[in-house]
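Worksheet: the structure to be examined is printed underneath.
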Amino acid sequence: MSNPIGFNDGAAYERYMGKWSQLVGETFLEWLAASPGLRWLDVGCGNGAFTEMIVEGCAPVAVDGIDPSERQLAFARRRPGALLAQFRQADAMSLPFPDAMFDVAVMSLVIFFVPTPAMGVAEMTRVVRTGGAVTAYAWDMSDGGFPYHVLQSEMRELGVDVPMPPSPEASRIDVMRDLWTAAGLADVDTREITVQRTFSDFDDYWATIFGGPSVGPPLAAMAPGNLALLKTRMRARHPADASGRITYSARANAVRGRSA
């Protein structure tokens with residue numbers, strides 16, 4: 001059985017996943033096209049990367065962010081762009097808010113971490129007012145969309161146990177549509193979002209993955225020979241351009257629905 005994935009180092013997470021989150025989050029927010037002056041809930045806000053985007057780009061009247069990791073929340077509270085937001089430790093399947101409190105609820109790269117995704121969607125639906133938006137986007141974990149899918153595949157080929165989230169199937173676009181429909185949401189819509197990230201060179205990429213909460217500890221525990229072999233394989237899988245930079249793609253699925 002894979003070890004649980006813990007997110008406690010906000011700075012390391014920012015380099016490993018925060019940048020990816022911002023890339024896909026920009027397109028997601030454009031697609032959502034929310035009006036200004038709304039009250040937002042960011043479910044599983046982590047270190048506040050996406051919360052900061054809401055504050056800076058959506059002109060909200062208020063933003064609440066919840067996450068199970070207090071250390072991640074401490075990092076989020078230090079973000080200058082997220083000063084409007086209020087952060088608290090809480091569970092996505094038991095939100096500490098009254099019914100119909102928010103205009104928009106969003107899960108940013110979170111739904112596959114929720115043990116019972118339907119409960120998370122039901123809770124978001126409960127706390128959003130009639131006519132409000134219940135939304136999410138998530139890496140397509142089941143079909144190779146995760147930014148570090150190639151790395152994880154190569155690690156498993158070498159016999160490394162790489163932790164997986166509890167509900168990877170929940171990020172499939174058809175499953176997301178079904179979850180939103182089953183929650184009684186109206187006007188359910190979905191889309192794919194593909195993004196690219198560029199690393200300055202292979203060393204930049206290698207240092208970034210060592211800070212990753214899901215792959216960093218298993219990498220550090222690998223035998224030197226296997227780690228060297230993995231590094232060679234990853235160089236081959238992510239060739240550099242003429243300037244030494246490495247660019248590759250990731251894919252997320254997004255869903256939105258209206259509280260009826």
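Readers should treat all values here as calculations from the given coordinates under stated rules, not as data from a laboratory. Every value quoted in this text rests on a predicted model; they were computed, and no experiment measured them. Methodologically, a virtual Cβ is constructed for each residue, glycine included, from the backbone with ideal geometry; neighbour enumeration extends over all protein chains shown.
Pull up the stretch 173-185, narrow it to residues that are among the hydrophobic types (A, V, I, L, M, F, W, C) and in a helix (DSSP H, G or I), then point me to the one that is farthest from residue 116 (Cα to Cα).
Restricting to residues being among the hydrophobic types (A, V, I, L, M, F, W, C) and in a helix (DSSP H, G or I), the top hit is 173.
Within the stretch 208-258, take every residue that is among the polar types (S, T, N, Q) and in contact (Cβ under 8 Å) with a residue 60 or more places away in the chain and give me the one that is farthest from residue 173 (Cα to Cα).
226
Every residue in the stretch 241-253 that is surrounded by 14 or more Cβ atoms within 10 Å (Cβ to Cβ) and part of a strand (DSSP E or B), please.
Matches in the stretch 241-253: 246, 248, 250, 251, 252, 253.
Going through the stretch 9-60 one residue at a time, which ones are touching a residue at least 60 places away in the same chain (Cβ under 8 Å) and more than 30 Å from residue 217 (Cα to Cα)?
27, 28, 31, 32, 34, 38, 39, 40, 41
Identify all residues within the stretch 83-105 that are aliphatic (A, V, I, L, M) and in contact with a Cys (Cβ under 9 Å, 6 or more places away or on another chain); write none if there are none.
Result: 85, 104.
Among the residues of the stretch 191-227, write down those that are hydroxyl-bearing (Ser, Thr, Tyr) and either buried (at least 16 other Cβ atoms within 10 Å of the Cβ) or farther than 26 Å from residue 111 by Cβ (or both).
Result: 198, 200, 205, 208, 214.
Within the stretch 202-240, which residues are assigned to a loop (DSSP other than H, G, I, E, B), farther than 15 Å from residue 154 by Cα and in contact with a strand residue (DSSP E or B) (Cβ under 7 Å, 6 or more places away or on another chain)?
Across the stretch 202-240, the qualifying residue is only 240.
Would you please name the residue that is nearest to the chain's Cα centre (by Cα), looking only at residues in the stretch 43-55 that are closer than 19 Å to residue 120 by Cβ and assigned to a helix (DSSP H, G or I)?
50
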